[in-house]
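The values are calculated or read from the model by the stated rules, or taken from the named source; none is laboratory data. Here the structure is a predicted model, which means the values were calculated and not measured. Glycine gets a Cβ as well: all are built from the backbone with ideal geometry, and neighbour counts include every protein chain shown. Each accessible area value is taken on the protein alone, full model and side chains, heavy atoms only, with ligands, DNA and RNA left out. Shrake-Rupley method; radii C 1.70, N 1.55, O 1.52, S 1.80 Å.
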Amino acid sequence: QTPTERTAAVLTAVLNAALGATSGEPVQVALWAWVRTFCRWRFGFELSDDDFASLRPLCLLRALCLKIGIEVAPRDYNFSLASPFSPLDLLSCHPVYTHRGAGAGAGGAGGRDLLERAKAALDKGKLDV
């Protein structure tokens with residue numbers, strides 16, 4: 001197998017594990033447990049098992065594709081199957097870049113100001129390297 005074929009096989013396996021109808025499989029149970037823990041930690045919201053049953057797989061597929069940078073073939077996927085995706089369904093992968101605003105991160109004005117204050121403190125001998 002070529003590296004591209006291996007990547008397609010891995011991505012297909014991940015999509016099938018997350019969105020296929022393999023209810024009760026260890027991977028899907030672990031994934032749902034992580035999502036529940038994250039929602040509790042980040043948003044203070046408890047998800048129940050009924051919430052998992054009401055998920056819309058097509059919306060999840062779209063969100064995953066946008067977040068991780070993959071493009072899948074536009075067709076009707078049967079999410080009631082254990083493996084709704086095949087490696088041929090993956091059309092492309094592309095890097096995902098996020099843009100940080102002017103005031104965010106080290107690239108903004110706030111970061112430059114912080115750097116200048118640190119340099120001045122270092123020059124005055126107030127900081128140890």
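Working only within region 60-81, note down all residues that are open to solvent by less than 70 Å² (accessible area, probe 1.4 Å) and either in contact with a helix residue (DSSP H, G or I) (Cβ under 7 Å, 6 or more places away or on another chain) or in a helix (DSSP H, G or I) (or both).
Taking region 60-81 as the starting set, the residues that turn out to be open to solvent by less than 70 Å² (accessible area, probe 1.4 Å) are 60-61, 63-65, 69-70, 72-73, 77, 79.
Once the filter is applied, which keeps residues that are open to solvent by less than 70 Å² (accessible area, probe 1.4 Å) and either in contact with a helix residue (DSSP H, G or I) (Cβ under 7 Å, 6 or more places away or on another chain) or in a helix (DSSP H, G or I) (or both), region 60-81 yields LEU60, LEU61, ALA63, LEU64, CYS65, ILE70, VAL72, ALA73, PHE79.
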Failed item, numbered, when PRO95 is tested on (1) at pLDDT 80 or above; (2) in a loop (DSSP other than H, G, I, E, B); (3) farther than 30 Å from VAL14 by Cα = (3)
Just give me the residues in region 82-91 being open to solvent by 40 Å² or more (accessible area, probe 1.4 Å) and either closer than 22 Å to CYS39 by Cβ or assigned to a strand (DSSP E or B) (or both), in sequence order.
-> LEU91
